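Visitor: First, the structure itself, so that you have it in front of you.
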Amino acid sequence: MTGRTTTTAASTARGWAGILLRRGLQIVALALIVGTLCFAMARSLPGDMATRIAAGRYGYDLVSNAAASAVRGELGLDRPVWQALLSWWGDIARLDLGTSFVSGDPVWNEIAHQLGATVDLSVAALLIAMALGLPLGIWSGLHPGGRVDRTAAALAVLLRATPPFLLAVLLMLAVAVHLGMLPVAGDAHAGSLLLPALTLGLGLAAGLARVAGAAMRQAAASPSLVFARAKGLTDRQALWRHGLPQAALPVVAYLGVQSVFLVEGAVVVETLFAWPGIGHALVHAVFGRDVPMVQGAALCMGLLFVMFNLLVDAACVAIDPRRRTDASA
């Protein structure tokens, strides 16, 4: 028994090491690729970069050629592109995202506040999706072809086909403008988080309900559930002990794939609702040609995606012990 326990622990440790190694390599590659692409795109935008940065600092009415020239010399915008890129790579190697061209504050300091707002929004959207999608999916899976199953399928198609910006506008008009129940935008009110979270969470709940329903149908027909009923377990006991754990794995895997939906949707939703998160900051940084903020915000959003997938990998390993061996292979 002791030898078997030791072997299981070693297999688990190798599984976690394999997962962490893969995600660590992804983070390094992500930092280089995302940062370089953001640098190239920001430098290739039309118009004078120094003038746009000066406008972001002093306002468009106070921008002059002298102010733009001063900004160009201060920030080294007249340097060759390859020198600026190598300088940024060196900063990344020192875990330094640089200083904002517009505010003059360290990028890390600005992102630290914005990251918390984006994480709050993502977690709230995920909780809404699970609260709505999982019960609906489980009921549909246990009663295939019923009224709830058909209604869930229609809602899933409708919500998944609706772009986030359109859903956001509809929620603004219905809940905030006509009913006056919640604020339209901003973060000053206690309920300001609900509308943007609903915008992200409803689309995710629609797909989650379909995946959970298909997983429950497959689990209900599995031999383990049939055998559990043959042993004398009630339907509820068999479902709780055998059906739900089997259905959990595809559901968790789906959430990992859809984490990119949360990261991408944050840019649109935060901008529409003026939510002070990473996506909102990224849009403003692009308009202001604030290259360090663009690079830092895009890199942070990419790291959020990697972290979501790391949590999903951890959950899948905890649910299915067979993945521990696959991860260490």
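Visitor: Compute the distance from the alpha-carbon center of region 247-307 to that of region 73-102, in whole Å.
Guide: 23
Visitor: For residue 147 and residue 33, what does the FRET efficiency come to when R0 = 45 Å and r is the distance between their Cβ atoms, rounded to the nearest 0.05?
Guide: Calculated value: 0.40.
Visitor: Please give the FRET efficiency for residue 103 paired with residue 249, using the beta carbon to beta carbon distance and R0 = 51 Å, rounded to the nearest 0.05.
Guide: That gives a FRET efficiency of 0.65.
Visitor: Here's a follow-up. Summing Lys, Arg as +1 and Asp, Glu as -1, what charge do residues with Cβ under 12 Å from the Cβ of residue 143 carry, residue 143 excluded?
Guide: Net charge around residue 143: +2.
Visitor: Using modelled amide H (1.01 Å from N, peptide plane; none on Pro or chain starts), what sits under 5 Å from the amide H of residue 99, excluding residues fewer than 5 places away?
Guide: Under 5 Å from the amide H of residue 99: 107.
Visitor: Could the peptides 278-286, 291-299 be put in order, highest first, of the mean number of other beta-carbon atoms found within 10 Å of their residues?
Guide: Highest mean packing first, the order is 291-299, 278-286.
Visitor: Quote the FRET efficiency, to the nearest 0.05, computed for residue 81 versus residue 283 with a Förster distance R0 of 30 Å and r equal to the Cβ-Cβ distance.
Guide: Step by step, r from the Cβ atoms, then E = 0.80.
Visitor: Once both labels are modelled 7 Å past Cα along the beta-carbon direction, what's the residue 154-residue 179 spacing in nm?
Guide: 2.1
Visitor: Shifting gears a bit: What number comes out for accessible area per residue over region 148-223 if the probe is 1.4 Å? Units Å², please.
Guide: Spelled out: the 1.4 Å probe surface of region 148-223, per residue, equals 48 Å².
Visitor: Per residue, how much accessible surface does region 258-314 expose to a 1.4 Å probe? Answer in Å², no decimals.
Guide: Accessible surface, normalised per residue, equals 31 Å².
Visitor: Moving on to the next point. Would you kindly derive the ³J(HN,Hα) couplings of region 69-83 from the backbone phi angles with the Karplus curve 6.51 cos²θ - 1.76 cosθ + 1.60 (θ = phi - 60°), listing them in order in whole Hz, with x for Gly and Pro?
Guide: Here the 3J(HN,Hα) series is 5, 5, 5, 4, x, 5, 8, x, 6, 8, 6, x, 4, 5, 5 Hz.
Visitor: Could you calculate the contour length gain from residue 274 to residue 165, that is, 0.36 nm times the residue separation minus the distance between their Cα atoms, to one decimal place in nm?
Guide: Working it through step by step, the gained length comes to 38.0 nm.
The values are calculated or read from the model by the stated rules, or taken from the named source; none is laboratory data. Since the structure is predicted, the reported quantities are computational estimates derived from the model, not experimental observations. We place every Cβ from the backbone using ideal geometry, glycine too, and count neighbours over all the protein chains shown. The protein model used for the area step is the full one, side chains on, heavy atoms only, and it has no ligands, DNA or RNA in it. Shrake-Rupley method; radii C 1.70, N 1.55, O 1.52, S 1.80 Å.
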